[in-house]
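Report on one structure; see the data block that follows.
The values are calculated or read from the model by the stated rules, or taken from the named source; none is laboratory data. Please read all numbers here as calculations on a predicted model, not as lab measurements. Glycine gets a Cβ as well: all are built from the backbone with ideal geometry, and neighbour counts include every protein chain shown.
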Amino acid sequence: MEHAATERRLGRYRLTARIGRGGMAEVWAAELVAAGGFRKPLVLKRVRPEHAGDWDLLRRFLGEARLAARLAHPNLVTVYELGDADGEYFLAMEYLRGATVAELRDRGPLPPAEVIAIVTAAAAGLAHLHDLRDERGAPAGFIHRDLSATNLMVTSAGAVKILDFGIAKPEHAEVSSAGAARGTLGYMAPEQLAGARLDRRADLWALGVLGWELCTGARLFAGPPAAAIDAIRAGAVPALVERGVPPAVAAALHACLAVDPAARPASADQLRQRLTAALAPATVDALAARVEERAGAAMAERDRGFARDDEPTAALAPAPAPTARAAQVAVRATPTRAAGRRRWAVGLAAAAIAGLAAVAIAGLAAVGDRGDRRHAGPDASAPPDPPAPTAPSTAAVARLAITASEPAVIRVLGPGGDLTLGRTPLDDVPIVPGLYILFATADDERSCVKSIIVDAGGVNREAVRLPATLADSPGDC
């Protein structure tokens with residue numbers, strides 16, 4: 001967490017500390033300062049200054065703001081204002097003290113009654129989003145498209161909040177591009193991976209994944225991205241009854257995870273009614289106690305980050321001008337136990353960034369079928385370097401250089417095809433410009449994934465950091 005060395009303001013808000021930063025956005029702890037010593041803590045999410053001219057990003061950011069202005073529900077985060085200060089757009093949002101579902105899950109299974117309380121509250125928030133009407137009173141048909149363990153939160157008071165609407169769209173909205181999908185791998189429904197037109201039942205799939213994970217204390221679709229995609233397509237979901245979950249509760253959650261959308265509940269309200277009929281939800285007080293038990297120390301640390309600091313200890317370094325336009329993270333691996341603890345200090349910030357961190361995954365549905373990644377076991381010697389890629393035969397050629405925290409095989413998927421670039425360090429690799437999914441795999445199969453945008457002209461430099469353990473894989477590069 002970085003404190004501002006000198007007082008910084010954005011509109012009428014005082015920025016106290018930058019608590020998160022992604023490829024396209026950064027999130028600040030802030031306060032509204034008014035007459036008579038009035039101060040209100042909140043969170044500001046702003047587009048990073050170097051992306052002020054990215055009109056596609058701004059269009060989505062403004063779309064998120066317009067949608068948020070129409071939402072008023074106790075299970076949805078409150079957005080107070082869309083601001084424009086000297087050409088910098090930002091969202092002012094409520095400050096929430098609590099734990100993400102990822103943080104709760106990573107500390108072990110929850111009792112079924114608490115899982116039902118969280119899932120049904122989230123379903124109520126989704127129902128409000130799904131049932132929005134347009135200016136003419138007709139159903140707007142919005143769906144969230146990116147519900148995940150990092151953007152669903154339980155506050156210290158026991159309230160459940162959906163945090164982000166960065167890629168929410170009407171059901172009838174066009175797919176971003178042919179074969180493209182947006183979302184968080186691990187929570188994307190099979191039809192979403194395929195880049196098909198979606199309806200509200202895609203959100204119910206994500207809710208089913210979250211319910212399964214809370215019941216078990218584990219990630220449902222873990223492992224390398226290609227394996228996760230294959231499991232999602234096949235609907236490979238271990239039975240919850242074998243984990244001690246009451247049969248009626250297990251059946252309701254498994255219904256959300258049907259590969260065929262027609263076999264899922266028809267609406268979030270229908271799911272909510274089915275779950276509450278199966279078992280009475282835990283009380284708000286029980287959820288509050290659980291949050292304190294599992295995240296009390298982390299919340300206290302976060303509180304200190306939000307506190308006003310008149311003598312900051314660290315200056316806020318200006319963002320360096322990137323040689324390649326920083327890409328948004330295409331496939332966000334859900335934080336594991338270690339990652340969840342490590343990232344908790346940013347709390348809401350990570351979830352707020354998530355909306356601007358999701359981008360189109362061109363041809364994602366084909367990842368599981370294309371290419372041949374080679375791995376060596378933990379005790380095996382390093383594999384030979386893969387052959388260098390052939391220079392693309394195109395007038396527009398870009399150059400890519402990649403370093404890693406340790407030797408790793410780099411594979412990319414994008415406009416140049418499904419390419420194994422070689423073993424790090426890589427320098428001056430010719431490649432077709434565009435958006436790529438980058439996979440890095442160490443000799444012991446630890447892996448990470450990120451998205452990059454490769455620009456024509458000059459050398460695009462990327463750094464990759466592999467996760468510390470296999471259990472943390474696939475992590476964010």
For the stretch 133-141, indicate whether the set of residues that are closer than 25 Å to Trp212 by Cβ and surrounded by fewer than 22 Cβ atoms within 10 Å (Cβ to Cβ) is non-empty.
no
Taking the criterion of being touching a Pro at 6+ places or on another chain (Cβ under 9 Å), charged (D, E, K, R) and either at pLDDT 85 or above or surrounded by 22 or more Cβ atoms within 10 Å (Cβ to Cβ) (or both), would at least one residue in the stretch 149-171 satisfy it?
yes
Going by what's in this entry, would Asp418 be described as free of Cβ contacts under 8 Å to residues at least 40 places away in the same chain, in a strand (DSSP E or B) and out of contact with any Phe, Trp or Tyr (no Cβ under 9 Å at 6 or more places or on another chain)?
no
Scanning the stretch 49-88 for residues that are touching a Gly at 6+ places or on another chain (Cβ under 7 Å), crowded, with 18+ Cβ neighbours inside 10 Å and modelled with pLDDT of 85 or more gives Asn75, Leu76
Would you mind finding the one in Ala280, Ala258 that is surrounded by 19 or more Cβ atoms within 10 Å (Cβ to Cβ) and modelled with pLDDT of 95 or more?
Ala258
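This table checks each residue for (1) closer than 18 Å to Leu110 by Cβ; (2) among the acidic types (Asp, Glu); (3) part of a helix (DSSP H, G or I).
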site: Ala222; (1), (2), (3): no, no, no
site: Val241; (1), (2), (3): yes, no, yes
site: Val245; (1), (2), (3): yes, no, no
site: Ala250; (1), (2), (3): yes, no, yes
site: Leu253; (1), (2), (3): yes, no, yes
site: Ala266; (1), (2), (3): no, no, no
site: Gln270; (1), (2), (3): no, no, yes
Could you please let me know if Ile437 is under 20 Å from the mean Cα position of the chain (by Cα), surrounded by fewer than 23 Cβ atoms within 10 Å (Cβ to Cβ) and assigned to a strand (DSSP E or B)?
no
Selection count, the stretch 101-142, where residues are farther than 26 Å from Ala278 by Cα and among the hydrophobic types (A, V, I, L, M, F, W, C)
4
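Among the listed residues Arg411, Arg446, which satisfies the condition of being under 25 Å from the mean Cα position of the chain (by Cα), surrounded by 20 or more Cβ atoms within 10 Å (Cβ to Cβ) and touching a residue at least 40 places away in the same chain (Cβ under 8 Å)? Explain how you work it out, then say what you get.
Details: Arg446 fails: touching a residue at least 40 places away in the same chain (Cβ under 8 Å).
Sole residue among the options that is under 25 Å from the mean Cα position of the chain (by Cα), surrounded by 20 or more Cβ atoms within 10 Å (Cβ to Cβ) and touching a residue at least 40 places away in the same chain (Cβ under 8 Å): Arg411.
For the stretch 140-153, name all the residues that are in a loop (DSSP other than H, G, I, E, B) and either within 29 Å of Ala102 (Cβ to Cβ) or of a type in the set (S, T, N, Q) (or both).
To start, the set of residues in the stretch 140-153 that are in a loop (DSSP other than H, G, I, E, B) comprises 140-141, 144-151.
Once the filter is applied, which keeps residues that are in a loop (DSSP other than H, G, I, E, B) and either within 29 Å of Ala102 (Cβ to Cβ) or of a type in the set (S, T, N, Q) (or both), the stretch 140-153 yields Gly141, His144, Arg145, Asp146, Leu147, Ser148, Ala149, Thr150, Asn151.
This table checks each residue for (1) farther than 30 Å from Asp303 by Cβ; (2) modelled with pLDDT under 95; (3) under 21 Å from the mean Cα position of the chain (by Cα).
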residue: Glu114; (1), (2), (3): no, no, no
residue: Ala140; (1), (2), (3): yes, yes, no
residue: Leu185; (1), (2), (3): yes, yes, yes
residue: Gly195; (1), (2), (3): yes, yes, yes
residue: Leu210; (1), (2), (3): no, no, yes
Can you tell which of Arg461, Arg399 is touching a residue at least 24 places away in the same chain (Cβ under 8 Å), part of a strand (DSSP E or B), buried (at least 16 other Cβ atoms within 10 Å of the Cβ) and of a type in the set (Lys, Arg)?
Arg399
Condition broken by Ile229, with the remaining ones in (1) under 30 Å from Pro41 (Cβ atoms); (2) of a type in the set (A, V, I, L, M); (3) at pLDDT below 95 satisfied
(1)
Heads up, the strands (runs of 3 or more DSSP E) in the stretch 50-139 (entirely inside) with at least 3 residues that are closer than 29 Å to Arg294 by Cβ and in contact (Cβ under 8 Å) with a residue 40 or more places away in the chain are 88-94, 98-100
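Out of the residues in the stretch 419-430 that are aliphatic (A, V, I, L, M) and modelled with pLDDT of 90 or more, which is nearest to Val459 (Cα to Cα)? Break it down stepwise before answering.
Filtering the stretch 419-430 down to residues aliphatic (A, V, I, L, M) leaves 419, 421, 426, 429.
Imposing the further condition that a residue be modelled with pLDDT of 90 or more reduces the set to 421, 426, 429.
Working: Leu421: 15, Leu426: 11, Val429: 9 Å.
Only one residue tops the list, namely Val429.
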So how many residues does the stretch 179-220 have that are outside any helix (DSSP H, G or I) and not β-branched (Val, Ile, Thr)?
21
